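Readers should treat all values here as calculations from the given coordinates under stated rules, not as data from a laboratory. All of these numbers come straight from a predicted model, not from anything done at the bench. FYI the Cβ positions are ideal-geometry reconstructions off the backbone, even for glycines, and counts take in every protein chain you see.
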Amino acid sequence: MLSRRVLRQLAVLLAAVGVFAGCGGDSGPHWVGKNYLLDAPAFSAGKWTKPPKFGSDVGAYVPQFLFGIEAGTGGDLAITVTTAYAGVQDACNPTTQVTSSGADYPKSQISASTFPMRVLDSQKGTMVPATARDLIFKDVLPGDSAAKTGELDATVDVRDLYSLFHLISDNPTPDMVCTTFQSYNVPCDVCAFDGQQYCLTLQAQQIGATQASTPVIPVLASDVSASCP
């Protein structure tokens, strides 16, 4: 039978282990005060899994994403999300503020129901305004090691992006784009926000963001310069 002294020592030891385990369980602060870049244009074609057969074609127009992470309230993270090109924040794109939990570190989920973004038409050298809906970045932030199993999901509207599909026509239309997809058994989806069949589900897997030195500057829609292209 164990003596009372030994039992007391075991109780103290177990309590200490519990304290340390509790402290290590919430490591979200490891991200606080840092910035991260998700280099979507650098994803290989195989990373783009949706839309099937056309994931990399649509993904080729996705900009880089920047995340600026600060401490939020109640232990949450306050994350400023925006787009970038060549690692430089697009100052003409309004930023989006989201809240996320750091309690499941290194797992993370950053979500925005709507996300304004400007997409580069590299052929014309112009920017096309668009909105990504149900945008989710899952496990893209690095933990003690690089993130490699992250996922990006979004719904995009062909009516925003149709002008980018130059291979279909010199003057494409949303219907021409969806008809082309349909010919490969990849129909456009019905858009939840208006019931019209012009949406596509975009997904990239096995991805990860890396720490960046670029600070993320909040930009309100009212702050965007009228001179922005």
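Of the conditions (1) assigned to a loop (DSSP other than H, G, I, E, B); (2) out of contact with any helix residue (DSSP H, G or I) (no Cβ under 9 Å at 6 or more places or on another chain), residue 82 clears all except one; give me its number.
The single condition residue 82 does not satisfy is (1).
Might you check whether a residue that is β-branched (Val, Ile, Thr), touching a residue at least 12 places away in the same chain (Cβ under 8 Å), touching a helix residue (DSSP H, G or I) at 6+ places or on another chain (Cβ under 6 Å) and more than 30 Å from residue 66 (Cα to Cα) occurs anywhere in the stretch 168-187? First the steps, then the outcome.
Narrowing the stretch 168-187 to residues β-branched (Val, Ile, Thr): 168, 173, 177, 179-180, 186.
Within this subset, residues satisfying the condition of being touching a residue at least 12 places away in the same chain (Cβ under 8 Å) are 168, 177, 180, 186.
Pick out the ones that are also touching a helix residue (DSSP H, G or I) at 6+ places or on another chain (Cβ under 6 Å) and you get 168, 177.
Still in the list and also more than 30 Å from residue 66 (Cα to Cα): 168.
Within the stretch 168-187, one or more residues are β-branched (Val, Ile, Thr), touching a residue at least 12 places away in the same chain (Cβ under 8 Å), touching a helix residue (DSSP H, G or I) at 6+ places or on another chain (Cβ under 6 Å) and more than 30 Å from residue 66 (Cα to Cα).
For every residue, the table says whether it meets (1) among the hydroxyl-bearing types (Ser, Thr, Tyr); (2) farther than 23 Å from residue 86 by Cα.
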{"residue": "107", "(1), (2)": "no, yes"}
{"residue": "118", "(1), (2)": "no, no"}
{"residue": "122", "(1), (2)": "yes, no"}
{"residue": "126", "(1), (2)": "yes, no"}
{"residue": "129", "(1), (2)": "no, no"}
{"residue": "132", "(1), (2)": "no, no"}
{"residue": "140", "(1), (2)": "no, no"}
{"residue": "150", "(1), (2)": "no, no"}
{"residue": "163", "(1), (2)": "yes, no"}
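If I ask for residues that are in contact with a helix residue (DSSP H, G or I) (Cβ under 7 Å, 6 or more places away or on another chain) and among the aliphatic types (A, V, I, L, M), which ones from the stretch 197-229 would you list?
200, 202, 204, 207
Within the stretch 152-209, how many residues are β-branched (Val, Ile, Thr), in a helix (DSSP H, G or I) and more than 24 Å from the chain's Cα centre (by Cα)?
3
Exactly one of (1) more than 15 Å from the chain's Cα centre (by Cα); (2) without any contact (Cβ under 8 Å) to a residue 24 or more places away in the chain is unmet by residue 113. Its number?
Answer for residue 113: the failing condition is (1).
Which members of the stretch 82-103 meet the condition of being of a type outside the set (Gly, Ala, Ser) and touching a residue at least 40 places away in the same chain (Cβ under 8 Å)?
Passing the criteria: 82, 88, 89, 92, 93, 94, 95, 97.
Residue 105 versus (1) among the aromatic types (Phe, Trp, Tyr); (2) outside any loop (DSSP other than H, G, I, E, B); (3) in contact with an Asp or Glu (Cβ under 8 Å, 6 or more places away or on another chain): which is the lone unmet condition?
So the condition that residue 105 fails would be (2).
Just one of the numbered conditions (1) within 25 Å of residue 126 (Cα to Cα); (2) among the aliphatic types (A, V, I, L, M); (3) in contact (Cβ under 8 Å) with a residue 40 or more places away in the chain is not true of residue 32; which one?
(1)
Among 135, 164, which is the only one that is under 17 Å from residue 65 (Cβ atoms) and surrounded by 15 or more Cβ atoms within 10 Å (Cβ to Cβ)?
Only one candidate passes the filter, namely 135.
Have a look at 157, 121, 104 and point out the one that is buried (at least 18 other Cβ atoms within 10 Å of the Cβ), among the acidic types (Asp, Glu) and out of contact with any Ser or Thr (no Cβ under 6 Å at 6 or more places or on another chain).
Going through 157, 121, 104 in turn, the sole match is 157.
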